[in-house]
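Just below is one structure, and these are the notes that go with it.
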Amino acid sequence: MERTWWKEAVIYQVYVRSFMDSNGDGIGDIPGVISRLDYLKELGIDVIWLNPVYKSPNDDNGYDISDYRKIMDEFGTMADWEKLLEECHGRGIRLIMDLVVNHTSDEHPWFLESRKSKDNPYRDYYIWKPAGKGPKGEPNNWESIFSGSAWEWDEATGEYYLHLFSRKQPDLNWDNPKVHREIIDMMTWWLDKGIDGFRMDAVHLLKKPAGLPDSTNPPTHKEGYVGDEVLYAHNEGIHNIFREMNRSALSRYDVMTVAEMNRATPAMAGDYVSPRREELDMIFHFEICGLPRYCEEKKRISELNRIQQRWYDASWKSGWNSQYFNNHDQPRQVSAWGDDGKYRVQSAKLLATYLHTMPGSPYVYQGEEIGMTNFPFSSMKEINDVSLRNDWAKCSAAGESEEDFLSRQAKWTRENARTPMQWDDSPQAGFTTGTPWLKVNPNYREINVKSARSDPNSIFHYYRRLIALRKAHPVMIYGDYRLHSRKKGPVVVFTRTLEKEQLLVVLNFSSEKQVSLLPLGKGRGWKSILGNYADFSLRGRRLLRPWETYIMSRAVK
Ligand code: GLC
Ligand code: CA
């Protein structure tokens, strides 16, 4: 397997709006990020993925872009951004940018032109259709991923435009070669500024199914729309787009790409990430992050093992994978996967151990490294997110009470990930001197960076050690993976093996003690290199305490 810097990198995701506010307006910004780079350096990460910082009316917090070449006013200026890049590079940290090209904002000049007239030169930059047989006369029955019809009527020209996300996010028309050229020019413009790659937003949706057929699935709710992402995604022609991006832009620079692709299956993996295809470096698939919500608890870990095995088989010899449990679109991992009460510290460390020792690149989402938890949402007034607000509008119209809606959704909403970073125990957790755009989690007095840094047993210092281990033990990156634990039960045991070194990783994904047989052979030669219980000893190795995890290493011939 070819060794590359991006396979070796630990990537840290910064959701700028919630990271650090430098000027007291309650909104995180680029100077705020710069002021915390030394902290990220101390953590030891290699790459920062910056959520969108482009000019945007913020219907979807920057995922609705009105100018790809300008910085969002609230976040700072292009000079601030250039300083950020320089300060990152000066510390040996690379920077990757979010590439949001399935859609633009409806305030993007292309769309403002496009909606003017049917013969406007920009008309075909977007997807316009006359009325049809959809539930309320739309061109088809598609439901937006953010609820409601995926079509918006536009009075001026008497047609509908397609928006797979909010109505302020019209989809670009990737059947139009001019769109390809515009986007590749824009990518090249950023690459020439010296960035180190892209995280590509929702790119599984770039190509729509030919003829935009109705979904034949049953309606998602009573209005008659059908949410059918399988139909919208991974359509013919999509590989040509990545190949073209690669050939005309990416391959001319030493950069990495990671593509966000819901509904991707292991069978598709090779086609997207195999190096000989010259498309992408890795993808974020969604088969794992939804397990806590959609899979019965007693089957969760066996499902996790099964999914990991399939992705490993599909992408290990020819390609690469990513590892994550949370990001800005998911609840906090310690709340979804771990125990955010009694065993918060142990379970946060266990989840980290898993993500950093499994094959693939670990992505750390801001605050994960101090074990930040979900927020106790009790009112829709506390929610800013457009997708949850749209969903609430739909459900309240259908008669659901706010209390019932929140009891279903509060634990799973992505808003949990977006509350401000907890820096210290001063008011607003040191995130801002003003009023934060989203409430700070009330547990900030206990859970914050300042206290984590001063406690040698904190989750933060555990992450530091894990990240450092990855640099010292190439087996953590390039070693072959083999699962040893039985398919059932919450204990996961696997080895990684590379040339002369073998690692054994043991994890108890539960709040109960577990007895487990370990494949230790005669047990000789193993030494423990990290564990989340201070008094760990080999003697006790078969009895695992709640959320106990450890890594052992030995030399092999
Ligand atoms: C991706 C982003 C998400 C955004 C959506 C629309 O899923 O991660 O935050 O809302 O695309 O751009
Ligand atoms: Ca600010």
Inset, instruction - With all protein chains present, calculate the accessible area of Trp337 using a 1.4 Å probe and round the result to the nearest 10 Å². - result: 10 Å²
Inset, instruction - Report Rg (one decimal) and Dmax (nearest whole number) for segment 480-555, counting Cα atoms only, units Å. - result: 11.8, 36
Inset, instruction - For helix 297-315, report the angle its Cα long axis makes with the longest principal axis of the Cα atoms of the chain; keep it between 0 and 90° and round to the nearest 10°. - result: 80 degrees
Legend entry - For segment 220-351, the Rg and Dmax computed from alpha carbons only, in angstrom: 17.4, 52
Inset, instruction - Averaging sequence separations of C-alpha pairs under 8 Å and six or more residues apart, then dividing by the length of segment 382-523, give the relative contact order as a whole percent. - result: 12 percent
Legend entry - Overall dimensions of the chain as given by Cα atoms, namely Rg and Dmax in Å: 23.6, 78
Inset, instruction - Report the one residue of His484, Trp316, Gly62 whose Cα lies farthest in the direction of the positive end of the charge dipole of the chain (charges on C-beta: Lys and Arg +1, Asp and Glu -1; origin at the Cα centre). - result: His484
Legend entry - DSSP beta bridge pairing in the chain, given as percent antiparallel to the nearest 5: 60 percent
Inset, instruction - Please work out how much length the chain gains when fully extended from Glu512 to Lys70, using 0.36 nm per residue of separation minus the C-alpha to C-alpha distance, in nm with one decimal. - result: 153.9 nm
Inset, instruction - Would you kindly derive the ³J(HN,Hα) couplings of segment 501-516 from the backbone phi angles with the Karplus curve 6.51 cos²θ - 1.76 cosθ + 1.60 (θ = phi - 60°), listing them in order in whole Hz, with x for Gly and Pro? - result: 10, 10, 10, 10, 10, 10, 9, 9, 7, 7, 8, 10, 5, 9, 9, 9
Inset, instruction - Treat each spin label as a single point 7 Å out from the Cα along the C-beta direction, and report the Ala555 to Asp425 distance in nm. - result: 4.7 nm
Legend entry - Additional length obtainable on full extension of the chain from Ala79 to Ser396, 0.36 nm per residue less Cα span: 109.6 nm
Inset, instruction - Before rounding to the nearest 500, sum -39500 (n - 2.57) across all DSSP H runs of length at least 4 in the chain and divide by the residue total; then give [θ] at 222 nm in deg cm²/dmol. - result: -8000 deg cm²/dmol
Inset, instruction - Express the accessible area of segment 480-555 per residue in Å², computed with a 1.4 Å probe while the remaining protein chains stay in the model. - result: 53 Å²
Legend entry - Rg(Cα)/(2.2 N^0.38 Å) for segment 184-227, N = residue count: 1.93
Inset, instruction - Please give the FRET efficiency for Glu155 paired with Thr188, using the beta carbon to beta carbon distance and R0 = 25 Å, rounded to the nearest 0.05. - result: 0.10
Inset, instruction - Would you tally the net charge around Phe405, using a Cβ to Cβ cut-off of less than 14 Å, leaving Phe405 out, and scoring K and R as +1, D and E as -1? - result: -3
Legend entry - the chain, accessible surface, carbon-and-sulfur percent (1.4 angstrom probe): 48 percent
Legend entry - Counting all C-alpha pairs of segment 1-64, share separated by more than 19 Å (%): 41 percent
Legend entry - 0 to 90° range, to nearest 10: angle between helix 177-193 axis and the chain longest Cα axis: 50 degrees
Inset, instruction - Any chance you could tell me what percent of the C-alpha pair distances in segment 75-118 go past 16 Å? - result: 60 percent
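The values are calculated or read from the model by the stated rules, or taken from the named source; none is laboratory data. Quick caveat, the model's predicted, so the values are computed rather than measured. Neighbour counts run over all protein chains shown; Cβ positions are idealised from the backbone, glycine included. Just the protein is used for accessible areas: all its heavy atoms, side chains included, with ligands, DNA and RNA removed. Shrake-Rupley method; radii C 1.70, N 1.55, O 1.52, S 1.80 Å.
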